[in-house]
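The values are calculated or read from the model by the stated rules, or taken from the named source; none is laboratory data. Computed from a predicted structure; not experimentally measured. Every residue, glycine as well, gets a Cβ built from its backbone with ideal geometry; the counts of neighbours run over all protein chains shown. Note: accessible area is taken over every heavy atom of the protein model, side chains too, but ligands, DNA and RNA are not part of it. Shrake-Rupley method; radii C 1.70, N 1.55, O 1.52, S 1.80 Å.
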Amino acid sequence: MGEKLSRRGFLKAAGIGAALLPSLKTGKALSRVQGKPKAILVDVRRCVGCKACQAACKLWNGLPAENTEITEDEYTNPTSLSAHTWNYIRFSEVKMGEGVRWVMASIRCMHCLEPTCVSVCPTGALWKRGDGPVLYDVDRCIGCRYCVTACPWGVPHFDEEAKAVRKCTMCFDRLDSGLKPACVTVCQTEALQFGDRDEILEKAHNSGAPYIYGEKEGGGTSVIYVSDVPLEGLGLPR
Ligand code: SF4
Ligand code: SF4
Ligand code: SF4
């Protein structure tokens, strides 16, 4: 793994006090733009559904556990994003010939190049940073939930306690320290990879996967999926 994953250990090593935690999570203070636009590659062919990425996201971002239910129709838990779940593994049953195949895919904010969440926000609480992450400031969120309605992927969720929307930040605080996102760091199968967006796209095109998603969809995104089954089968909108 090689990179620090514990936020407490990371802050201590970086000499950053716990008092900075709220601004690390949400504020613009540490939101410097660094380098070329980045992207996360999600290679669903490599995902084994271990959910280490899901757990790492909770750990790094200090997100609490939630009460969830396993239903007869779902084989994963939780079954959707929420204000406290910024990344979950969607299990999809895909028909293949006479049989079916299970395909697992990490679902999270796409960090769109032209984010509708940003364009509909009346207070400028959401913004796209030059190096990729779509970020937000909980102090500027007035709870109108326009972004919740506008996002084609159903990503932002309203946190009733914080009275603000919450979602994946692409671990911008880790990026600012030269680290990869927590989810990418723990993925042992390289189903998740991180890098410059142009290099990630090159990898996607050279991967031999017949389906690529995110290069143009939604105006282009900073999360790129590669798959050997049609992406509609994974519930990603066209
Ligand atoms: S850590 Fe990697 S292999 Fe495990 S569920 Fe997440 S994406 Fe899939
Ligand atoms: S996926 Fe939704 S929340 Fe994420 S950047 Fe795009 S529009 Fe915004
Ligand atoms: S990039 Fe960070 S915030 Fe986003 S899903 Fe991965 S661990 Fe969670």
In segment 168-184, anything in contact with a helix residue (DSSP H, G or I) (Cβ under 7 Å, 6 or more places away or on another chain), not charged (D, E, K, R) and not in a loop (DSSP other than H, G, I, E, B) is listed as Ala182, Cys183
In this structure, is Glu215 among the acidic types (Asp, Glu), under 26 Å from Pro64 (Cβ atoms) and more than 16 Å from ligand 1 (Cβ to nearest atom)? no
With the first residue restricted to segment 34-53 and required to be without any contact (Cβ under 8 Å) to a residue 60 or more places away in the chain and aliphatic (A, V, I, L, M), and the second required to be surrounded by 18 or more Cβ atoms within 10 Å (Cβ to Cβ) and outside any loop (DSSP other than H, G, I, E, B), Cβ contacts under 6 Å at 6 or more apart or on different chains are none
Failed condition for Thr79, given (1) surrounded by 12 or more Cβ atoms within 10 Å (Cβ to Cβ); (2) in contact with a strand residue (DSSP E or B) (Cβ under 8 Å, 6 or more places away or on another chain); (3) touching a residue at least 12 places away in the same chain (Cβ under 8 Å): (3)
Flagged in segment 224-238 as open to solvent by 30 Å² or more (accessible area, probe 1.4 Å) and within 16 Å of ligand 2 (Cβ to nearest atom), in numbering order, are Gly235, Pro237, Arg238
Of the residues that make up segment 106-121, is at least one open to solvent by less than 10 Å² (accessible area, probe 1.4 Å), more than 26 Å from Val226 (Cα to Cα) and either touching a strand residue (DSSP E or B) at 6+ places or on another chain (Cβ under 9 Å) or more than 16 Å from ligand 3 (Cβ to nearest atom) (or both)? no
Can you list the strands (runs of 3 or more DSSP E) lying wholly within segment 86-138 that have 1 or more residues being within 16 Å of ligand 1 (Cβ to nearest atom) and touching a helix residue (DSSP H, G or I) at 6+ places or on another chain (Cβ under 9 Å)? 87-96, 99-108
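Can you tell me which residue among Thr169, Thr221, Thr149, Thr185 is modelled with pLDDT of 95 or more and either on the phi > 0 side of the Ramachandran plot or open to solvent by 30 Å² or more (accessible area, probe 1.4 Å) (or both)?
Values: Thr169 fails: either on the phi > 0 side of the Ramachandran plot or open to solvent by 30 Å² or more (accessible area, probe 1.4 Å) (or both); Thr221 fails: either on the phi > 0 side of the Ramachandran plot or open to solvent by 30 Å² or more (accessible area, probe 1.4 Å) (or both); Thr185 fails: either on the phi > 0 side of the Ramachandran plot or open to solvent by 30 Å² or more (accessible area, probe 1.4 Å) (or both).
That would be Thr149, the only listed residue that is modelled with pLDDT of 95 or more and either on the phi > 0 side of the Ramachandran plot or open to solvent by 30 Å² or more (accessible area, probe 1.4 Å) (or both).
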In segment 144-175, what residues are over 14 Å from Val134 (Cα atoms) and either away from ligand 2 (no atom under 16 Å from the Cβ) or of a type in the set (D, E, K, R) (or both)? Arg145, Asp159, Glu160, Glu161, Ala162, Lys163, Arg174
Pro78: modelled with pLDDT under 85 and away from ligand 3 (no atom under 12 Å from the Cβ), yes or no? no
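For segment 189-205, does any single residue satisfy the condition of being open to solvent by less than 20 Å² (accessible area, probe 1.4 Å), touching a Cys at 6+ places or on another chain (Cβ under 9 Å) and on the phi > 0 side of the Ramachandran plot? Step through it out loud before you land on a result.
Step one: of segment 189-205, the residues open to solvent by less than 20 Å² (accessible area, probe 1.4 Å) are 191-192, 195, 200, 204.
Next, only the ones that are touching a Cys at 6+ places or on another chain (Cβ under 9 Å) stay: 191-192.
Imposing the further condition that a residue be on the phi > 0 side of the Ramachandran plot reduces the set to none.
No; the residues of segment 189-205 include none that is open to solvent by less than 20 Å² (accessible area, probe 1.4 Å), touching a Cys at 6+ places or on another chain (Cβ under 9 Å) and on the phi > 0 side of the Ramachandran plot.
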